[in-house]
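No value in this document is a laboratory result; all are computed from the given coordinates. All values reported here derive from a predicted model rather than from experimental measurement. With ideal geometry, Cβ positions are generated from the backbone for all residues, glycine too; neighbour counts draw on all protein chains shown.
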């Protein structure tokens, strides 16, 4: 099932009340694609159930996407942990099937990249897996280039696709 084009989706900053809902979205999407915690994917993140607190830090932002009052996706941006201070990271872009194919991920990514520019970042890094082919195509369309090495200390050891974009 997809969302009818005439139904507006609400994209808004995460609140503390969203912690459980967005963690559930991330876990559901991760399970759908076989992205397990033992492989170092996002579901292994010890802060997964407290994203509001994580993204309330300086230079960080996270938005959730709602459909009829239910959180159906989200994504954000933060400084790259353990990386150069001019590099941010596009993070935790996850959407339930009902929210895919609507252009929501693109809009949210563009919004995050603009936030990064406004915060003074020069480059944006991301990690993903080859299982997420639609996401990789989106990132390529947004101007991300594939790189051969990991950057920073993300803890996502099995994310074999690494990309970088000049902002």
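For a test of the definition: using alpha carbon positions, the gyration tensor, and the 1.5 limit on a/c, classify the chain as rounded, prolate or oblate. Cα axes put the chain in the rounded bin. Taking Cα atoms only, the orientation of helix 104-118 departs from the longest principal axis of the chain by about 40 degrees.
The gain in end-to-end length when the residue 141 to residue 28 segment is fully stretched comes to 38.1 nm, 0.36 nm per residue minus the alpha carbon separation. Report summary: the helix-based calculation at 222 nm, which adds -39500 (n - 2.57) for every DSSP H run with n ≥ 4 and divides by the residues of the chain, gives -7500 deg cm²/dmol.
Relative to the longest principal axis of the Cα atoms of the chain, helix 19-32 runs at roughly 80 degrees.
Taking 0.36 nm per residue of separation and subtracting the Cα-Cα distance, full extension of the segment from residue 56 to residue 164 would add 36.5 nm. Along the Cα-to-C-beta direction of residue 47, a point sits 7 Å from the Cα; which residues of the range 90-134 have their amide N less than 15 Å from that point? From the range 90-134, the list is 90-93.
Counting 0.36 nm for each residue step from residue 98 to residue 114 and taking away their Cα separation leaves a gain of 3.2 nm.
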